[in-house]
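Here's the structure, in structure tokens; my notes come after.
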Amino acid sequence: MAGGTNIPSIEAVCDGVRSRQSSAVELVERSLARIASLEPKLNCLHETLKEHALDRAARIDAAIARGEHVGSLAGVPIVVKDNIATSYGTTTCGSRILENFRSPYDATAIERLEREGAIVVGKANCDEFAMGSSTENSAWGPTRNPWDTSRVPGGSSGGSAAAVAAGYAPAALGSDTGGSIRQPAAHCGVVGVKPSYGRVSRYGLVAFGSSLDQIGPFAHSVRDAALVLQAIAGFDPRDSTTAEIDVPDYLAEIDRPVEGLRIGLPRRFTSPDNDPAVNKAVLDAADEYARLGATIVEDIDLPLTDHGISTYYVIAPAEASSNLARFDGIRYGHRAELAPDEDLFDLYARSRAEGFGPEVQRRIMLGTYVLSSGYYDAYYKRALQVRRLIKQEFDAAFAKCHAILGPTAPTPAFPLGGKADPLSMYLCDVYTVNANIAGICALSLPGGFAEVEDQLLPIGIQLQCRAFDEPTLFRVARMFEAAHLQDRLACPVA
Amino acid sequence: MTTMSPATTTGDRKVARTRLVIGLEVHVELSTRTKMFTRTGNVAHRDHYDAEPNSLVDPVVAALPGVLPVMNRRAVEMAMTVGLALNCTVARFSKWDRKNYFYPDLPKGYQISQYDLPLCGDGALDIPGADGTTKRIGIIRAHLEEDTGKLGHELPGGLRYEGSLVDLNRAGTPLLEIVTQPDFDCADDVVTFAQELRNICRFLGVTDGIMQRGHMRFEPNVNVVVFDGAGQEHRTPIVEVKNLNSFKALRGAIEHEHERQAKQWLEDGRVMGPGAKSTRGWDDERGITVLQREKEDAHDYRYFPDPDLVPVVVDDAWLSRVRAAVPELPMARRARYRSEFGLDEKDAHALVDDPLLCRFYEACVDAVHLRTGSQVPTVHPGFAVAKLLLNAGAKRSNERSLPINELGIAPSQVAAVVVLRDEGVVGPQAADALFGLLCDTDAEAIEVARQNGLVAIRDDAALDRWVTEAIAAQPQAAEDVRAGRTAAIGRLVGQVMKLSGGKADAKAVNEKLRERLGS
């Protein structure tokens, strides 16, 4: 059963598989059955990897039967965002330009999940190349929110978030460039973690904004999310931007009470522009932390974070315009049929015009513009300067507190087609982009509900900690979750 | 400085005299085992020279979705050694930038290069100028980047293909780009510089420098200062000639541009200015340059720092380790061979032309020292070995079409011949013959000399007989020597050598003649 308080933890599921009370095949079959029954309604996945998953499950069960060591995620079905390379199935990034593209290699995160015994059961739908906040920008149609199928699940990792909420799998991987894990986690009522930049290898993650992108987990609980991050985190010689810092044991102190911790509550984050239910959830959480013995620090301000969206929409498209140049129709991916009088330029222009959707094209143009000679200094260079200042601002804030509390998104999930103009869509990420800009770690966890048109929609609260302080991030999140687990509701799609 | 002859006139323009101004860009493919940003084999490394098309390709080279570059430290070290050899400052902090443009030989749609913070900068190289002076050529920068793939229209086996074919073997080969100041004023100096640079790079072991394989490619920027005879100077627009991969083409392109630009100026009077830069290619068959692109500012590469790579930080320890590994460079070596060994410039050049030959030569010299110990030979071993290699060795090298260092004779054998010759155990012709024989055997030199009757004869009876015969045959020479005109002794020695079939020990013969003729 998905939703509610009776979801077994991943550790419990693995214990069951290891002790042969259940089996990996059983778990995968249950997952596949759920996918089969709900996919027509939700469209969380671009591809279900039935054969692959059953085959791997049988192997894991056989290994257990032989008494071999299996990892911390033995037999756990996992859904993976379709912009993370897997050597089986397709990796399309929600784009027609990569329709049917099969990667010959696995992302480092996938290798590490599999080393721990996890089983990828499906590739999750997403906004094309992770550009969007609703999963509507997918060449394969939108994903629907399991809490209300007339609404979006958020994005860009909407398929991964909805899949976990709908019980397809206990966990999923997404990618977060400006909020693409946390915002859909908030809208789908699950936990979503954006690790510190450099914590998880990006090798095999199809790049959007290379200096901002991180792979991270979705799960029902903080502890489960920590367990999955534990598996994928760490230095990777194939990604020079991963940190050569040891990965601490995320579960070691996760249940240590928050007493004595200082939690920052910047006033500007509970803006009157937010949905009142969002602000209420944040303030209630602050009260809860105070009750649990933490000190609420209101004396922190992050004024420059107001410039986060503008900074982000220079840096991310700039990097994207270059990252997406490889999709040129020459070596793989969609290639336009040329008329006899057309030349190489037409091949590029037409393949890309046919292959990329409108939002991707818009961002390529934006990025190309801000990097052009004559505009570079005014936009790109300026954005890098602001980025440095935002980082410094966070450093100063973290001198006063251990974690910063705030909303994940300004509103609960909105109806499909509800944000027609790009700018209003961009503003969905107003509270999340700054963590990517500063490279710090952040997560969203269920913080309550909003009642909208007689429907209960989940609200996410966001916690942010300094770079590589995931242990504190999990610990703070875990305390709130422990106190509120009984308030969780079952996802109605169940 | 070259003068066009005679003064040429068109309309109201007149060329009295011209001066060439040339700056050079050189691309050197570094011979690392693996590519610049991935572990796949590098086509510029001799293990992979003849790799099948597209066999040196992995997901990173093909720019598959999701891959990331990882810097090859060895390539950075090689670039640093070249920078140090060119007296550059090695930057303690440099970074990687993306140069964005679309072309089918560029898989990522951008080339990783170094834009505003190159690894090496501000150096100079002294070269012997064509006018006999030493010319100092300024080095603006030397930075690392990755090479592109290749486009072709031929299938393996030579069959023509209608479309374009892409071979990515070369894509990602580490490429060092060296940019000089516009310090050249003639093609000869440019070629000397290019050859010297190739030699340096080969001594540093950063490239095999095989021109036909494109290990080095040159791009001269050429323009001409026209003096019109009326006190005015006119600078013609700068032309960049792309991708020259031989010294002949380099010289040809510069000389052709010299003439062409002066003529062009006569025709249109155009001078240097914004947007007046053009790019030309070299037509090797016709020996002319042809226009490729008129305006340089047509491209906006949208350079920005590559977020997938971390900056290159060179600390003291790394720099001193690299510095310590820089060997003695060709120019210094030639100077040492001249001053210490007494070689002339031509011989010094011949020995330093190839690092393998040079290493072989020095091994031979060391082997002589090992053999003679503290005994001082009459001729400096460096000199004696050089002469032997460049005479007996060069002869065998021609005959067998093999480099001198690959003839099969070992340095210890070369040393033995030199010592035997110095001690007079073998004569000059015998030394040459012995060298030839030792190319095909690893037997001891002295044994081979004995077996082949190459040991000089010092037997008193035999020498006395020949000396008597020689004096009888050349009475005038004998008379001259008796009268104190000792130079004439050479004729008598020659006579003895003739009689002995070249086997008499010349030194012993000399002594006997002097004794006999009382000089």
- Message: Checking A:Gly132 against (1) more than 13 Å from the chain's Cα centre (by Cα); (2) over 24 Å from A:Leu32 (Cα atoms): exactly one of these is not met. Which one?
- Response: (1)
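Only residues that are in contact with a strand residue (DSSP E or B) (Cβ under 9 Å, 6 or more places away or on another chain) and over 21 Å from A:Val206 (Cα atoms): list them for region A:141-161, please. Quick ask: steps written out before the conclusion?
Filtering region A:141-161 down to residues in contact with a strand residue (DSSP E or B) (Cβ under 9 Å, 6 or more places away or on another chain) leaves A:143-145, A:147-148, A:150-154, A:156-161.
Within region A:141-161, A:Arg144, A:Asn145, A:Trp147, A:Asp148, A:Ser150, A:Arg151, A:Val152, A:Pro153 meet the criteria.
Against the definition (more than 14 Å from chain A (Cβ to nearest Cβ), of a type outside the set (D, E, K, R) and either closer than 30 Å to A:Thr368 by Cβ or not in a strand (DSSP E or B) (or both)), how does B:Thr148 come out, yes or no? Spell out how you get there, then give the answer.
On the way: more than 14 Å from chain A (Cβ to nearest Cβ): no; of a type outside the set (D, E, K, R): yes; either closer than 30 Å to A:Thr368 by Cβ or not in a strand (DSSP E or B) (or both): yes.
No.
Go over the candidates A:Cys93, A:Cys126 one by one and state the one that is hydrophobic (A, V, I, L, M, F, W, C) and at the interface with another protein chain (Cβ under 10 Å from one of its Cβ atoms). Before you say what the answer is, go through the steps one by one.
Values: A:Cys126 fails: at the interface with another protein chain (Cβ under 10 Å from one of its Cβ atoms).
The conditions single out A:Cys93.
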- Residues in region A:282-333 that are within 14 Å of another protein chain (Cβ to nearest Cβ), in contact with a Lys or Arg (Cβ under 6 Å, 6 or more places away or on another chain) and surrounded by fewer than 22 Cβ atoms within 10 Å (Cβ to Cβ) total 1
- Query: Mind checking whether some residue in region B:463-485 is surrounded by 14 or more Cβ atoms within 10 Å (Cβ to Cβ) and closer than 23 Å to B:Ala392 by Cα?
  - Reply: no
- Message: Can you tell me how many residues within region B:66-96 are within 14 Å of chain A (Cβ to nearest Cβ), farther than 19 Å from B:Ser31 by Cα and either without any contact (Cβ under 8 Å) to a residue 40 or more places away in the chain or surrounded by 23 or more Cβ atoms within 10 Å (Cβ to Cβ) (or both)?
- Response: 4
- Message: Take the residues in region B:97-128 that are away from chain A (no Cβ under 14 Å) and charged (D, E, K, R); name whichever of them is farthest from B:Pro307 (Cα to Cα).
- Response: B:Asp126
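Identify, from the list B:Gly158, B:Gly163, B:Gly138, the residue that is more than 14 Å from every other protein chain (Cβ to nearest Cβ) and either over 30 Å from B:Val225 (Cβ atoms) or not in a strand (DSSP E or B) (or both).
Numbers: B:Gly163 fails: more than 14 Å from every other protein chain (Cβ to nearest Cβ); B:Gly138 fails: either over 30 Å from B:Val225 (Cβ atoms) or not in a strand (DSSP E or B) (or both).
After ruling out the rest, the residue left standing is B:Gly158.
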- Message: Just the residues that are away from every other protein chain (no Cβ under 14 Å), in contact with a strand residue (DSSP E or B) (Cβ under 6 Å, 6 or more places away or on another chain) and either under 30 Å from A:Ser201 (Cα atoms) or surrounded by fewer than 19 Cβ atoms within 10 Å (Cβ to Cβ) (or both), please, taken from region A:238-274.
- Response: A:Val247, A:Arg262, A:Ile263, A:Gly264
- Filter region B:254-309 for residues that are aliphatic (A, V, I, L, M) and under 29 Å from A:Met365 (Cβ atoms); which is nearest to the other protein chains (Cβ to nearest Cβ)? B:Leu309
- Does B:Val414 meet the test of being touching a Leu at 6+ places or on another chain (Cβ under 7 Å) and of a type in the set (Val, Ile, Thr)? yes
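No lab work stands behind these numbers, since they all come straight from the coordinates. Note that the structure is predicted; figures quoted are calculated from it, not measured. Glycine gets a Cβ as well: all are built from the backbone with ideal geometry, and neighbour counts include every protein chain shown.
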